[in-house]
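The values are calculated or read from the model by the stated rules, or taken from the named source; none is laboratory data. Here the structure is a predicted model, which means the values were calculated and not measured. As a convention, Cβ positions derive from the backbone with ideal geometry for all residues, glycine included, and neighbour counts pool all protein chains shown. Calculation scope for accessible area: heavy atoms of the full protein, side chains included, ligands and nucleic acids excluded. Shrake-Rupley method; radii C 1.70, N 1.55, O 1.52, S 1.80 Å.
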Amino acid sequence: MSGDRHAAHDPLPRRELLRRAAALAGAGLALRAAPRIALAAGPVPTRGGVLTVGLDSDATTLDPAYTTAEVDGQIYYILYDTLIGVDAQLRLIPKLATSWRAVNDTTWEFKLRPGVQFHDGTAFDARAAKVNFDRILDPKAGSARRGEIPYVEAAEAVDAATLRLHLSSAFAPLPYSLSGDAGIMVSPAAIDKYGKELASNPVGTGPFAFVRWLKGDHIEVKAFPGYWQKDRPYMDGIHYQGIPDPEVKGNAVRSGTIDACENLLTKDIGDLQRDPGLVVYAKPGLSVASLRLQISKPPLNNPAVREALGWAIDRAAINRIVYYGIGAPARAFLPPTALGYDPHFNPFPQRDLMRAKAKLAEGGQPHGFSLTCQILNNPEIIQLAQAIKQQLFDVGIDLQLVTLDNGTLLGRLVAGQFAATIVTYFGTLDPFQGFSRFFLSTSPLNVYGYKSPQFDGLLAKAAATADSQGRAAFYTQADRLLGTDLPWIFLRYPDYTQAMRARVQGYTYTPDGGMRFTNSWLKPA
Amino acid sequence: MTRYVARRLLATIPVVLLVTVMVFLLLHITPGDPVVIMLGEEASPDAVTALRHALDLDRPLPVQYGDWLWHAVHGDLGASLRTHDPVTALVLERYPATLELSALAMLLSLCIAIPLGVLSAVRRNSWLDALVTPLAISGISMPSFWLGILLIWVFSVLLPWFPTVGFIPLGVSVAGNLHTLVLPVVTLGVALAAIVMRITRASVLQVLQFDYVRTARAKGVREPVVVLRHALRTALIPVVTVLGLQTGALLGGAVIVETIFALPGVGRLIVDSIFARDFPVVQGAVLILAISFIAVNLAVDLMYARLDPRIRYR
């Protein structure tokens, strides 16, 4: 399916792709069921009702300054607001900041929305925003958000409605960073009152306010009557239920125990799509799954050997067989939804064993070699790795698979203790962060041994280019370099998958995977 | 009796200490750094070092263990590395769900296993016995992760009788609580019922051969009275022993069942905490479960005296 889809998408420029995706998503469309188009667009929103959302696990913390778990973010979308938002086309839109501009290379100014209050009644203004940035920037606080706003040195409340951020160096992607967790605003009164206990007592400006958290089970939130967006939200509340077993999660949405969930098993998606009571989204996101290599040591330090790997792997077949056609074969680091994606760049359009063998011979490995690959102990990843092992075997490369739990794999990855590993990177709206962290020569997180002055130069230019289209051009060139130099062998762009009961109306899929229910309502039975 | 209990309690101290040392060592030998797991692969080395220091994880292991033990004997099991919640509160918050799940599973297994075990012993080689034995073998053989998903498929998806997941605390609604626990309790109780049924059958068969049973029959006591009043009581001793030992298996099974049905129990807390290398939570939760296991087995030993008047403790 994805191979076909890619072929169909190829001639379309990215903007056109996004426009079409947004048109579909905006109409509340699923991938199927054409008759539902009219239904989704037509009804007048109904007030009331409680939505139940199944998450992959219970939340870890409700304090956005410290979270490192993707699952927490789904709850933040409704408890908190960010300074800057994104629409269904991943364009930046005003949220708590109504406008923003770069005063100069190292100063950004944000005009803040008036009349906004936190759930505890505290007014949102520049002083409140400054408290939030001060907390993130304080090295003693150890906030996980610090790295997401690099070069930001200080926040200044110019007046009640104007916030300035002072940077040590140009960082044009800053507004994109502030549409994520780093831009979330927490009540300063709650920060004072709760301290570390904020993790269980969140106070934001979002459409829903926190009610209670039965640890290990579920979190309840209720509509916030003082929400700044008039007449929102429509629903009375939301329950977030942690469901660690993906099989059970699929059954729960099918049975109606929950109304919505994400990250479905790809093997279940076909069945769920055929269920008339469900609307299923399986759409491109920002992720890329890759075979990451340690290229500082032989034989992978030879570019010809890495290129041989690229030719030997049949990405389309893997996506079709292992992932039932959900997602798309990858071409380079940037997926189709990312800023700078080039639909014309496809370094390995199809598997070519002859070229793979020729490249191996060129790289001094005519009979292949043995390579140890550490992978996560997860059924889908194991199947993916086994498919790659089989394909590489055809050119004489013996891929030895070692399965590890997440903690062990992560530990070895960041310590650079691997020859090869298969990991999915969940990208960000502006790819600067991923590019700079993994591939910049000077980055401590570049554990792959990739050093390219040309790549470093492109990123430096991107960081100093405020215009996003201008920046995208540099990203495209950087992506082409990665797709040619191959510190990672890019495998596939996974789709984000979500399932909603048909009673959930007014929902819009956003390609960053966030489930936002501000404009959703429940159709009465 | 009091001296016996005191002696047994004293004997538990080295056992508990050994458990804590083993859990501590196993956790630290296992690869994986809680700080790296918390901060993710994109964290800078400086941030990792700072957080490791803030969490006191950069101290030598014996110091960390000694510090934990010192606080533990004073009733403080520390705080979760991830959520900063006190471990005692976290475990006690989750304990009722696990306790209720395990207790109900045990009750269900007894309600099924004792009558069926006795009947299949009394009617040995009958059609009933022929039916019960394969049922018991099936119950023992079925893995709970498979049975749980099967039950969900049938009783939640096909027949919408029970919720797939979710938990209503007993204090909120008794009926709601029991409704949410039916499938998990059946999933957990079936294997135990099968084991108890096999033991009950074998034990009753053996006791029915004893001289005192023959004497009772010779005195003209009716067969149901012979079985239920005379034989069953003695036959229950091995059953109670097995139940005590199965508490460990029940708590282990609860880990899987709590994960399948997303129940907020200690088992799931331990699993999540192991994956996150949240050392204090695993350490504290295992300690409390170990103490529970020891307490149950002490209670089992004391129950022998109630079941068999010949047994006395000194």
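Which members of the stretch A:175-194 meet the condition of being within 14 Å of chain B (Cβ to nearest Cβ) and either crowded, with 20+ Cβ neighbours inside 10 Å or closer than 21 Å to A:GLY147 by Cα (or both)?
First, pick out the residues of the stretch A:175-194 that are within 14 Å of chain B (Cβ to nearest Cβ): A:177, A:180-182, A:194.
Correct list: A:SER177, A:GLY180, A:ASP181, A:ALA182.
Here is a list of conditions, (1) among the charged types (D, E, K, R); (2) at pLDDT 85 or above; (3) out of contact with any Lys or Arg (no Cβ under 7 Å at 6 or more places or on another chain); (4) under 30 Å from A:PHE438 (Cβ atoms), and B:ASP67 meets all of them except one; can you say which number that is?
If we test B:ASP67 against (1) among the charged types (D, E, K, R); (2) at pLDDT 85 or above; (3) out of contact with any Lys or Arg (no Cβ under 7 Å at 6 or more places or on another chain); (4) under 30 Å from A:PHE438 (Cβ atoms), just (4) comes out false.
For (1) without any contact (Cβ under 8 Å) to a residue 60 or more places away in the chain; (2) within 21 Å of A:VAL248 (Cβ to Cβ), each residue gets a yes or a no:
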position	(1), (2)
B:LEU116	no, no
B:LEU128	yes, no
B:ALA136	no, no
B:ILE152	no, yes
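Please verify whether A:THR372 is open to solvent by 40 Å² or more (accessible area, probe 1.4 Å), modelled with pLDDT under 90 and not in a helix (DSSP H, G or I), treating the condition exactly as stated.
no
One residue is enough: does the stretch A:247-262 have a residue meeting the conditions more than 11 Å from every other protein chain (Cβ to nearest Cβ), surrounded by fewer than 24 Cβ atoms within 10 Å (Cβ to Cβ) and either modelled with pLDDT under 90 or touching an Asp or Glu at 6+ places or on another chain (Cβ under 6 Å) (or both)?
There is no residue in the stretch A:247-262 that is more than 11 Å from every other protein chain (Cβ to nearest Cβ), surrounded by fewer than 24 Cβ atoms within 10 Å (Cβ to Cβ) and either modelled with pLDDT under 90 or touching an Asp or Glu at 6+ places or on another chain (Cβ under 6 Å) (or both).
Take the residues in the stretch A:198-226 that are more than 14 Å from chain B (Cβ to nearest Cβ) and without any contact (Cβ under 8 Å) to a residue 24 or more places away in the chain, then tell me which one is least open to solvent (accessible area, probe 1.4 Å).
Within the stretch A:198-226, the match that is least open to solvent (accessible area, probe 1.4 Å) is A:ALA223.
For A:ALA361, work out the one condition from (1) open to solvent by less than 20 Å² (accessible area, probe 1.4 Å); (2) away from chain B (no Cβ under 14 Å); (3) not charged (D, E, K, R) it doesn't fulfil.
In the conditions (1) open to solvent by less than 20 Å² (accessible area, probe 1.4 Å); (2) away from chain B (no Cβ under 14 Å); (3) not charged (D, E, K, R), A:ALA361 misses (1) alone.
With the checklist (1) of a type outside the set (S, T, N, Q); (2) touching a residue at least 60 places away in the same chain (Cβ under 8 Å); (3) under 21 Å from A:TYR66 (Cβ atoms); (4) open to solvent by less than 10 Å² (accessible area, probe 1.4 Å) in hand, flag the one item A:LEU165 doesn't pass.
Of everything listed in (1) of a type outside the set (S, T, N, Q); (2) touching a residue at least 60 places away in the same chain (Cβ under 8 Å); (3) under 21 Å from A:TYR66 (Cβ atoms); (4) open to solvent by less than 10 Å² (accessible area, probe 1.4 Å), A:LEU165 misses just condition (2).
Looking at A:PRO347, A:PRO298, A:PRO335, which is the one that is touching a Pro at 6+ places or on another chain (Cβ under 7 Å), of a type outside the set (Gly, Ala, Ser) and either open to solvent by 20 Å² or more (accessible area, probe 1.4 Å) or part of a loop (DSSP other than H, G, I, E, B) (or both)?
Within the list A:PRO347, A:PRO298, A:PRO335, the selection yields A:PRO335.
Can you give me the number of residues within the stretch A:402-430 that are hydrophobic (A, V, I, L, M, F, W, C), surrounded by fewer than 18 Cβ atoms within 10 Å (Cβ to Cβ) and at pLDDT below 85?
1
Could you check the stretch A:71-100 and list, in sequence order, the residues that are open to solvent by 40 Å² or more (accessible area, probe 1.4 Å) and either touching a Gly at 6+ places or on another chain (Cβ under 8 Å) or basic (Lys, Arg) (or both)?
If the condition is that a residue be open to solvent by 40 Å² or more (accessible area, probe 1.4 Å) and either touching a Gly at 6+ places or on another chain (Cβ under 8 Å) or basic (Lys, Arg) (or both), then A:TYR77, A:ARG91, A:LEU92, A:ILE93, A:PRO94, A:LYS95 are the ones that fit.
Tell me, please, whether a residue that is more than 26 Å from A:ALA460 (Cβ to Cβ), within 14 Å of chain B (Cβ to nearest Cβ) and surrounded by fewer than 17 Cβ atoms within 10 Å (Cβ to Cβ) can be found in the stretch A:120-135.
Here is the first cut: in the stretch A:120-135, the residues more than 26 Å from A:ALA460 (Cβ to Cβ) are A:120-132, A:134-135.
Within this subset, residues satisfying the condition of being within 14 Å of chain B (Cβ to nearest Cβ) are none.
Checked against the condition, which is being more than 26 Å from A:ALA460 (Cβ to Cβ), within 14 Å of chain B (Cβ to nearest Cβ) and surrounded by fewer than 17 Cβ atoms within 10 Å (Cβ to Cβ), the stretch A:120-135 yields no hits at all.
If you scan the stretch A:155-171, which residues turn out to be in contact with a Phe, Trp or Tyr (Cβ under 8 Å, 6 or more places away or on another chain) and either among the hydrophobic types (A, V, I, L, M, F, W, C) or modelled with pLDDT under 95 (or both)?
Kept after step one, since they are in contact with a Phe, Trp or Tyr (Cβ under 8 Å, 6 or more places away or on another chain), are these residues of the stretch A:155-171: A:155, A:162-165, A:167-171.
Selection gives A:ALA155, A:LEU163, A:LEU165, A:LEU167, A:SER168, A:SER169, A:ALA170, A:PHE171.
Go through the stretch A:411-438 and give me each residue that's part of a strand (DSSP E or B), hydroxyl-bearing (Ser, Thr, Tyr) and over 16 Å from the mean Cα position of the chain (by Cα).
Listed by number, the list holds a single entry, A:THR421.
Residues to consider are B:LEU170, B:LEU158, B:LEU192; find the one that is facing another protein chain (nearest Cβ under 9 Å), over 15 Å from B:GLU258 (Cβ atoms) and modelled with pLDDT under 90.
B:LEU158
Cβ contacts < 8 Å: first residue over 10 Å from A:VAL186 (Cα atoms), restricted to the stretch A:125-139; second residue part of a helix (DSSP H, G or I) and open to solvent by less than 60 Å² (accessible area, probe 1.4 Å), any location; separation 6+ or different chain. Result?
From the stretch A:125-139, the pairs are A:ARG127/A:PRO188; A:ARG135/A:ALA141; A:ARG135/A:ILE191; A:ILE136/A:ALA182; A:PRO139/B:ALA50.
So which pairs qualify, if the first residue must be in the stretch B:215-236 and without any contact (Cβ under 8 Å) to a residue 40 or more places away in the chain, the second must be open to solvent by 60 Å² or more (accessible area, probe 1.4 Å) and not acidic (Asp, Glu), the Cβ gap must be under 6 Å, and the two must be at least 6 apart or on different chains?
Matching pairs, first to second residue: B:ALA216/B:HIS230; B:VAL226/B:ARG217.
Condition check: open to solvent by less than 70 Å² (accessible area, probe 1.4 Å), assigned to a helix (DSSP H, G or I) and within 14 Å of chain A (Cβ to nearest Cβ). Does B:LEU51 satisfy that?
Taking the combined requirement at face value, the residue satisfies it.
Away from chain B (no Cβ under 14 Å), at negative phi, surrounded by 23 or more Cβ atoms within 10 Å (Cβ to Cβ) and among the small types (Gly, Ala, Ser): does that describe A:ALA172?
Judged against the criteria, A:ALA172 is not a match.
Select from the stretch B:141-155 the residues that are among the aromatic types (Phe, Trp, Tyr) and within 9 Å of chain A (Cβ to nearest Cβ) and list them in ascending order. Let's see the steps before the verdict.
If we filter the stretch B:141-155 for residues that are among the aromatic types (Phe, Trp, Tyr), which is where we start, we get B:145-146, B:153, B:155.
Across the stretch B:141-155, the qualifying residues are B:PHE145, B:TRP153.
Among what's in the stretch B:108-137 and is polar (S, T, N, Q) and more than 23 Å from the chain's Cα centre (by Cα), pick the residue that is most open to solvent (accessible area, probe 1.4 Å).
Checking each candidate, the answer is B:ASN125.
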